[in-house]
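Asker: Following this message is one structure expressed as C-alpha cells.
The values are calculated or read from the model by the stated rules, or taken from the named source; none is laboratory data. Fair warning: this is a prediction, and the values are worked out from it, not measured in the lab. Neighbour counts run over all protein chains shown; Cβ positions are idealised from the backbone, glycine included. Only protein heavy atoms, including side chains, enter the accessible area calculation; ligands, DNA and RNA are left aside. Shrake-Rupley method; radii C 1.70, N 1.55, O 1.52, S 1.80 Å.
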Amino acid sequence: MCRLINYPAYFNQGQKIYQLLQKQKKTILELWMKNQLADEGLREDLISNDELRSQSEELVNSLVGNLSSENFSNIDSEEWSPVIEILGGIAITRARQGFSPRETGNFIFSLKEALLDVLQQELAGNLQALFTESLKINRIMDNLSVITFETFIKGREEVILRQTDEIAEISTPVIRIWNGILALPIIGTLDSARTQIVMENLLQEIVETGSSIAILDISGVPAVDSLVAQHLIKTVSATRLMGAECIISGIRPEIAQTVVHLGIDLSNIITKASLASALAHAFKVMRLEVRKVATVQK
C-alpha cells in the first residue's frame, strides 16, 4: 500500500509549484529539447537545431517566468498575453514554413511531457501532490495546445488564400497575340471570384494596349453550365463597354449541346470552335491578311 507523505521541504518553506518550475527552468528546457530531437518526425529541412533551441528557450522563459500564484490556473488573465503572443508567432511561422499540424502539435506536447517529468522527479514522494499539480499543468498545456492549433489553422488559411490568389493570377494570363488583339485562355472552373479576376485583368489590358478585339478561349473549361455561361456573358458585356469586341472560342460539341439544352442565348456573341478560327475572324474584322510566303531558293 502506498503511504502518502508530506510535500518536500521547499513546500514546507512556503514554496509553490510555480516557484519549483522557475527553479528548474534549465532542466525543463533540456528535457524539452531532448524530446523534440528524439522525434523521428523532426523537420530539420525546415528548421535548424539552433533555431529550434532559440524558439524553445524563448517560450520556456516566458512561460515559467510568467507563472504566479494568481494566474497559475487562469490562462485568460492578461499576464498570459506574452506567452500566447510568442506561441502564436511560432505557430504562424510554422504554418507558413510548411509544417504539418502533427509536427506543430508535437512542439507543444513535448513541452508538456517535460513539465510533467520535472514534477514527477520533484514530487515522487508525494503522490497526492503529484496528482494535484499534474492536473494543473495538464489544464494549462491543453489550453495552450488549443491556442496553438487555432493560430496554426489561421496561418494555413492565410497561406492557402494567398496561393489561391497567385494561382488565379497565373491561370488567367492575358496574351497580346497581335497588335490590337488580345487572347485570354481560361483553364479550369469559372466561378464568381475568378470571373472578377478575369474581367479585371482583361479590361486593364484593353486600356493599356488599346486593343479592339479580345478572344476568350474556353477550351480548358471542363463544363459549361448556366452559371458559367452567365459569367461569360458578363465578361463579354464588360469588354464591350470598354469599346472592344469579344469572341468566345473553344466551343466543343458537348458545350454547344449543353448551352442549347439549358436555353442560354449566346446569339449576340461571336463564338468559334477553336482559337485559330477566332483569330482568323479577328483578322477579317481588322482587315488583316496573313499569307504564306514561299521560300526563295538561291
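Asker: Can you pull out the helices (runs of 4 or more DSSP H) entirely within segment 200-298 that have at least 1 residues that are within 32 Å of the chain's Cα centre (by Cα) and modelled with pLDDT under 90?
Answerer: Fully inside segment 200-298 and qualifying: 226-241.
Asker: Taking the stated definitions as given, is residue 66 open to solvent by 10 Å² or more (accessible area, probe 1.4 Å) and more than 30 Å from residue 214 (Cα to Cα)?
Answerer: Yes.
Asker: Right, here's the next one. Take the residues in segment 72-92 that are over 29 Å from residue 43 (Cβ atoms) and in a loop (DSSP other than H, G, I, E, B), then tell me which one is least open to solvent (accessible area, probe 1.4 Å).
Answerer: 72
Asker: Looking only at segment 200-230, filter to residues that are more than 11 Å from residue 181 (Cβ to Cβ) and touching a residue at least 40 places away in the same chain (Cβ under 8 Å); which one of those is surrounded by the fewest Cβ atoms within 10 Å (Cβ to Cβ)?
Answerer: In this case the residue turns out to be 219.
Asker: Would you please name the residue that is farthest from residue 53 (Cα to Cα), looking only at residues in segment 93-111 that are open to solvent by less than 10 Å² (accessible area, probe 1.4 Å) and among the hydrophobic types (A, V, I, L, M, F, W, C)?
Answerer: Once the filter is applied, the top-ranked residue is 95.
Asker: What are the pairs with Cβ atoms under 9 angstrom where one residue, in segment 102-116, is of a type in the set (Lys, Arg) and the other, located anywhere, is at pLDDT 85 or above? Sequence gap at least six, or different chains.
Answerer: From residues that are of a type in the set (Lys, Arg), the pairs are 112/137; 112/138; 112/140; 112/141; 112/142; 112/144; 112/145.
Asker: Sticking with this one: So, in segment 4-63, exactly how many residues are modelled with pLDDT under 80 and either in a helix (DSSP H, G or I) or over 28 Å from the mean Cα position of the chain (by Cα) (or both)?
Answerer: 15
Asker: Identify, please: which residue in segment 121-175 is in a loop (DSSP other than H, G, I, E, B) and polar (S, T, N, Q) and is, among those, most open to solvent (accessible area, probe 1.4 Å)?
Answerer: Residue satisfying both the conditions and the ranking: 171.
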